[in-house]
Protein chains: 2
Amino acid sequence: MGFREHLEEICQVDGAVAASVMGFDGIAIDTVTAPNQAVDAETLMIEYSGILGQVRKAAELLKAGDLTELTIGTERMTTHLRPIDSEFFLVLAMSPAGNYGKGRYLLRVKAPKLKDEL
Amino acid sequence: MGFREHLEEICQVDGAVAASVMGFDGIAIDTVTAPNQAVDAETLMIEYSGILGQVRKAAELLKAGDLTELTIGTERMTTHLRPIDSEFFLVLAMSPAGNYGKGRYLLRVKAPKLKDEL
């Protein structure tokens, strides 16, 4: 199973808008986008990649251990981000009315599988 | 019920380490801390307040609507943050093995109550 198949599986969760494998530099390796986006999910994910990098640094500095996940909820979008390794992360943007728990769970399950393919 | 009582109630959730009402400037109005902290939760919360402000700005810029919640998970600490109004937010630091869902739920329920007292 390649990147795209994993991302497509993630995008089957209720309320999914887009899923992507991205570098901490904000450059996507692959992105799967659901139709009918209300918000520019791709730009949002790029913007959040910078924030993810900052959170990772802060957590290290404060000896809180490695960053495992970041969830950002706004009125129009819930975004789950999960590091795959030191260079790449997995991100899922979804509707705030979507299945938060399942979205989060899917990233946890898929991250190690994607790591094996990087 | 005052700030402290609300924060004490939040801190009753399984795995709670500290709960605080803070300004976006990183200055706490009140903090309730559970004993036996493995990580310096107060410093972590101050550091995260800056990140919360940045996420809020990014979400506004990208028309994703107001920031409703932010969750940061690291190996040693899960931190939920939720804006109360434009100046203050509620934050709960907890063990990664703690009750994630209930912690998140409590912030959602308590934020409007704390807003009435600000």
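Just to confirm a number: summing +1 for Lys and Arg and -1 for Asp and Glu over residues other than residue B:23 whose beta-carbon lies under 12 angstrom from that of residue B:23, what do you get? Don't skip to the answer; put the middle values down first.
On the way: positive: none; negative: B:25, B:30, B:85, B:87.
Residues close to residue B:23 contribute a combined charge of -4.
In deg cm²/dmol, rounded to 500, what helix-only [θ] at 222 nm does the protein assembly as shown give when every DSSP H run of at least 4 residues adds -39500 (n - 2.57) and the total is split over its residues? If you can, show how the numbers build up before the last one.
Numbers: 6 runs with 94 residues, N = 236.
So the calculated ellipticity at 222 nm is -13000 deg cm²/dmol.
Given label points at 7 Å from Cα along Cα→Cβ, what nm distances, shortest first, separate residue B:50 from the same residue in every other copy?
Values, ascending and in nm: 1.5.
Give the nm distances, rounded to one decimal, from residue B:117 to the matching residue in every other copy, measuring between label points 7 Å along Cα toward the beta carbon; shortest first.
So the label point of residue B:117 gives 4.9 nm to the other copies.
Test of understanding: extend the Cα→C-beta vector of residue A:25 to 7 Å, then name every residue of the stretch B:46-66 with backbone N under 16 Å from that spot.
Hits in the stretch B:46-66 for residue A:25 at 16 Å: none.
With a 1.4 Å probe, what is the total accessible area buried between chains A and B, in Å² rounded to the nearest 100?
On the way: alone 6520 and 6540 Å², together 10590 Å².
Chain pair A/B: roughly 2500 Å² of buried accessible area.
Share of the protein assembly as shown's accessible area from carbon and sulfur, percent, 1.4 Å? Intermediate results must be reported in sequence, preceding the final value.
Working: 4920 of 10590 Å².
The computed percentage sits at 46.
Compute a Gaussian network model of chain A, connecting alpha carbons closer than 10 Å, and tell me which residue from A:91, A:17, A:55 fluctuates the most.
Sorting by GNM fluctuation, first place goes to A:55.
Just to be sure I understand: chains B and A are related by a rotation, so which residue of B has its Cβ closest to that axis, and how close in Å?
Reported as residue, whole Å: B:71, 2.
When you look at the Cβ of every residue in B:72-84, what mean number of other chain Cβ atoms sits within 10 Å? Let's see the in-between values first.
Values: counts 12, 12, 14, 7, 7, 6, 3, 3, 1, 0, 1, 0, 0.
What the average comes to for B:72-84 is 5.
Probe of 1.4 angstrom, ligands and nucleic acids ignored: what's the accessible area per residue over the protein assembly as shown, in square angstrom? Could you put the intermediate results ahead of the total?
Numbers: 10590 Å² over 236 residues.
Heavy-atom SASA per residue in the protein assembly as shown reads 45 Å².
Rank A:35, A:96, A:83 by mean-square fluctuation in a GNM of chain A with C-alpha springs under 10 angstrom and give only the top-ranked residue.
Answer for the Gaussian network model of chain A: A:35.
For the stretch A:24-118, which GluC sites (Glu not before Pro) are in a loop by DSSP, counting at most 15 other Cβ atoms within 10 Å?
On the way: sites: A:42, A:47, A:60, A:69, A:75, A:87, A:117; in loops: A:75, A:87.
Those satisfying the criteria are A:75, A:87.
Using alpha carbons only, what's the Rg to Rh ratio of the stretch A:37-118 with Rh from Kirkwood? Before the final figure, lay out each step's value.
Working: Rg = 12.8 Å, Rh = 13.3 Å.
Rounded to two decimals, Rg over Rh is 0.97.
Using 0.36 nm times the number of residues separating residue A:63 and residue A:5, minus their current alpha carbon distance, what extension gain do you get? Show your work: numbers first, answer last.
Values: separation 58, 0.36 × 58 = 20.88 nm, distance 3.57 nm.
That works out to 17.3 nm of additional length.
What do the square roots of 5 times the Cα gyration tensor eigenvalues come to for the protein assembly as shown, in whole Å, largest first, as semi-axes of the equivalent ellipsoid?
Values: eigenvalues 173, 70, 48 Å².
Its equivalent ellipsoid spans semi-axes of 29, 19, 15 Å.
Determine the dipole magnitude for the protein assembly as shown: charges of +1 sit on the beta-carbon of Lys and Arg, -1 on that of Asp and Glu, nothing else is charged, the reference point is the Cα centre, and the result goes in debye to the nearest 20.
The dipole of the protein assembly as shown has a size of about 360 debye.
For chain A, with a Gaussian network of springs between Cα atoms less than 10 Å apart, report the residue from A:33, A:78, A:68 with the top mean-square fluctuation.
A:68
What size of dipole, in debye to the nearest 20, comes out for the stretch B:28-118 about its Cα centre when the only charges are +1 on Lys and Arg C-beta atoms and -1 on Asp and Glu C-beta atoms?
Working: 11 positive and 12 negative charges, 79 e Å.
Here the stretch B:28-118 has a charge dipole of around 380 debye.
Of B:77, A:99, B:118, which is farthest towards the positive pole of the protein assembly as shown's charge dipole, taken about the Cα centre with +1 and -1 on the beta-carbons of Lys, Arg and Asp, Glu respectively?
Farthest towards the positive pole: A:99.
The values are calculated or read from the model by the stated rules, or taken from the named source; none is laboratory data. Keep in mind that this is a model prediction, so the values were computed, not measured. As a convention, Cβ positions derive from the backbone with ideal geometry for all residues, glycine included, and neighbour counts pool all protein chains shown. Ligands, DNA and RNA are excluded from the accessible area calculation, which covers all protein heavy atoms including side chains. Shrake-Rupley method; radii C 1.70, N 1.55, O 1.52, S 1.80 Å.
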